[in-house]
Amino acid sequence: MGKTFAEKILAKKSGQDEVVPGQIVIVEPDHLLTHDNTAAIIGKIGAELEEFGVARPDMPVIILDHVIPAASEKTATNHLNTRDYVKKHNLKNFFDVGQGICHQVLVEKGLAHPGNILVGSDSHTCSYGAVGAFATGVDRTEAAALILRGKTWLRVPDTIKMTFTNELRPGVTAKDLILHIIGDIGAGGASYQAVEFHGNITSLNMEDRLTIANMGIEMGAKIAVFEVDDQTRAYLTSIGVNESEYESVWADPDASYIRELTYDLSTIEPVVAAPHKVDNVKPVTELEGLEFQQFLLGTCTNGRLGDLEEAADILDGKQIADGTRLLVLPASKEVYEAALEKGVITRLSKSGAIVLPPGCGPCLGAHQGVLAPGERCLSTANRNFKGRMGCKEAEIYLASPATVAASALTGKLTDPRKVLEGVPQ
Amino acid sequence: MKVWKYGDDINTDMLFPGKYTYTAATAEEIKPHLLEDLDPEFSGNVHEGDILFVGPNFGCGSSREQPVLGLKAVGVQAIVAKGFARIFYRAAINQGLLLIECPEAVDAYKDGDEVKFDATAGTIEVAGKAYNFPKLPPEILEIRDAGGLLPYTMQKLKEETRS
């Protein structure tokens, strides 16, 4: 009997010939991601860090992104304590305020390799499945224990196989696809399970795959992973990660799955996730005309160059609707600079966008772009939970960058295919 | 002992709003905001030994561990759910908070029913009727028996340093 991706990688990394779902294995993750929560994590283990040090100094990756630049004395002190820790233990994988969102920076800096295990004290760590890594979130205490001991346990998950056929139509994006899938199987539909994406993945570029893998957690998945193909290899080579540096892993053709689903990409429509759950997915056409005061383009889901370009193309020099705000956050400094060089930032700004520094920004409600009671925000982020953007009496709808841009022009939910010339609805 | 009942897909933003994630880390800082956007009555009225009965996918969303730290700190004895989200489940093991995954018990419970459970045996009794729930594997029970992941890690580090 063949093996799934999760079964193969967890067997290999735990030094066993084979493992089965439900089995507990001990692994040494290749990397541990922490961000602004680093200060709280090391705060739990001050004396022990003095005594035992960092188990594997190459393992931690620390990226300050959640509340940047600091919004208060408390958050500034968190950053300060993190810098002290990095310096004291001589940790080389540190990216200070301004480099971008952890999930974008970690990939851009070539730290997510195919066939590696990455864990992070952030639920969207599952993003690195886009490059064929086994990547999953853990809590802060787990991160603290990993810093000290360098290893942890993982339960071998069952796997759902999702197969894509055909291609997305113009005006329909990877965000619509993953929202459609989450709406289909539910917010807990892949709980404790791995999700493998099969079939026609060639029409999905690396940015699309990052968007899709990023939202694996929104269906409860432990990991959400793509096969490494020519596009993955070319992307990794372009950022300085050569094929000799990694060993890809993929499922056997006769692997055994707990569930198999097929999605015909050509039938996917632009959709939104309505409040207050990510699986509350509806076609844009059903809610067209709904008014919004704020629009958010960015986050670890949709803040990459292609997302910003797509939005700028749809805005096309026109002004956003009166009385609305369009907040733009490039996912990283690299994305920001590429967008500057291509004139994308200028175009967005001239259409009325407020460009914020590369970071998590308004997504988690800690600062920047907090909503007022009764307001609605149309966002490219991954969560629309009640209170998520700092106000429990506000509403958040999730959509693609194309839908956000088209809607910003009218101030109302708008099907992007209406704005894109010659695109049938 | 009071039973608090909540529905499906309760996410960690409802259990502890994200806006406090980087300013509240200790039990005392967390307690006033526990379940703030879900049930404003909770933090002022929860008592040592209380239990939660909840639907599927409890604790989904963010990996923030403040909900677990807070529920443990206010003395919640156990959470009985139709299901838990995995990061929340793991965080509860790491803090030694008892989670009981038992959809039948959640369906059976009516206001005022007597609830008893035995974590070692893996049984929960609702209004006199017993249900089984899955016990943790031995490797994981070792973490809980040590008093949580950090005490367990210290124990292991000392053993490993000695050997």
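The numbers here are math on the coordinates, done by the rules we state, and not lab data. Nothing here was measured: the structure is a model prediction, and the numbers come from that model. Don't worry about glycine lacking a Cβ; one is built from the backbone with ideal geometry, like all the others, and counts go over all protein chains shown.
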Kindly identify the stretch B:1-87 as rounded, prolate or oblate by the Cα gyration tensor criterion: order the square roots of the eigenvalues as a ≥ b ≥ c, call it rounded if a/c is under 1.5, otherwise compare a/b with b/c, prolate if a/b is larger, else oblate. oblate
Inter-centroid distance (Cα atoms) of the stretch A:360-399 relative to the stretch B:60-118, Å: 27
Express as a percent, rounded to the nearest 5, the fraction of DSSP beta bridges in chain A (both residues included) that run antiparallel. 20
At most 16 other Cβ within 10 Å, DSSP loop - GluC sites (Glu not before Pro), the stretch A:13-119: A:Glu18
Explain nothing, just the number: dipole magnitude of the stretch A:47-136 about its Cα centre with +1 on each Lys and Arg Cβ and -1 on each Asp and Glu Cβ, in debye rounded to the nearest 20. 180
Just to be sure I understand: with springs between alpha-carbon atoms less than 10 Å apart, which residue in A:Lys175, A:Lys222, A:Lys92 has the highest mean-square fluctuation in the Gaussian network model of chain A? A:Lys92
Farthest towards the positive end of the dipole of the stretch A:272-419, among A:His367, A:Cys300, A:Thr380 and with Cβ unit charges of +1 on Lys and Arg and -1 on Asp and Glu, lies the Cα of A:His367
How would the stretch A:179-310 be classified by its alpha-carbon gyration tensor: rounded, prolate or oblate, with rounded meaning a/c under 1.5 and the a/b versus b/c comparison settling the rest? oblate
Of A:Ser14, A:Ser244, A:Ser349, the most mobile residue in a GNM of chain A (C-alpha springs, cutoff 10 Å) is A:Ser244
With a Förster distance of 25 angstrom and the Cβ-Cβ distance between A:Ile24 and A:Glu50, calculated FRET efficiency to the nearest 0.05 equals 0.20
So how do A:Lys342, A:Lys87 line up by other beta-carbon neighbours within 10 Å, fewest first? A:Lys87, A:Lys342
Quick one: Cα centre-to-centre distance for the stretch A:193-267 and the stretch A:73-150, in angstrom? 21
R0 = 45 Å: FRET efficiency of B:Thr26 with A:Ile354, Cβ-based, nearest 0.05? 0.80
Which of the pairs A:Lys222/B:Lys2; A:Lys277/B:Lys5; A:Lys92/B:Lys158; A:Lys3/B:Lys156; A:Lys392/B:Lys31; A:Lys8/A:Lys151 have their Cα atoms more than 25 Å apart in this structure? A:Lys222/B:Lys2; A:Lys92/B:Lys158; A:Lys3/B:Lys156
Dipole of the stretch A:5-264, positive direction: furthest Cα of A:Val172, A:Thr262, A:Thr77, with charges on the beta-carbon: A:Thr77
Scaled by the rule-of-thumb 2.2 N^0.38 Å, the alpha carbon Rg for the stretch A:287-410 gives a ratio of 0.95
Chain B: antiparallel bridges as % of DSSP beta bridges, rounded to 5, reads 40
With DSSP loop assignment and no more than 15 other C-beta atoms within 10 Å, the GluC sites (Glu not before Pro) in the stretch A:196-294 are A:Glu247, A:Glu288
About its Cα centre, how strong a charge dipole does chain A have in debye, to the nearest 20, once Lys and Arg get +1 and Asp and Glu get -1 at the Cβ? 960
Rounded, prolate or oblate: which one fits the protein assembly as shown, using the alpha carbon gyration tensor with axes a ≥ b ≥ c (rounded when a/c is under 1.5, else prolate when a/b beats b/c, else oblate)? rounded
Can you give the FRET efficiency to the nearest 0.05 for A:Ser72 and A:Thr346, using r as the Cβ-Cβ distance and R₀ = 35 Å? 0.65
Taking Cα pairs closer than 8 Å and at least 6 residues apart, the relative contact order of the stretch B:3-136 in percent is 21
Summarise the partner chain shielding of A:146-153 as one whole number: the mean count of Cβ atoms from other chains within 10 Å of each residue's Cβ. 3
Dipole size in debye (nearest 20) for the stretch A:204-297 around its Cα centre, Lys and Arg Cβ +1, Asp and Glu Cβ -1? 380
Count, for each residue of A:185-196, the Cβ atoms from other chains sitting within 10 Å of its Cβ, then give me the mean as a whole number. 3
Would you calculate a helix-derived [θ] at 222 nm for chain A, using -39,500 (n - 2.57) for each DSSP H run of n ≥ 4 and dividing by the full residue count, to the nearest 500? -8500 deg cm²/dmol
Counted charge near A:Glu18, where neighbours are those whose Cβ lies closer than 11 Å (Asp, Glu -1; Lys, Arg +1): +1
Between the modelled labels at B:Asp118 and B:Ala146 (7 Å from Cα along Cα→Cβ) the distance in nm is 2.8
Residues of A:384-394, mean number of Cβ from any other protein chain within 10 Å of their own Cβ, rounded to a whole number? 5
For the stretch B:85-149, whose charge dipole is built from +1 on Lys and Arg Cβ atoms and -1 on Asp and Glu Cβ atoms, the candidate among B:Pro137, B:Pro103, B:Thr123 with its Cα farthest towards the positive end is B:Pro137
Percent RCO, i.e. relative contact order, over chain A, from Cα pairs under 8 Å lying at least 6 residues apart: 18
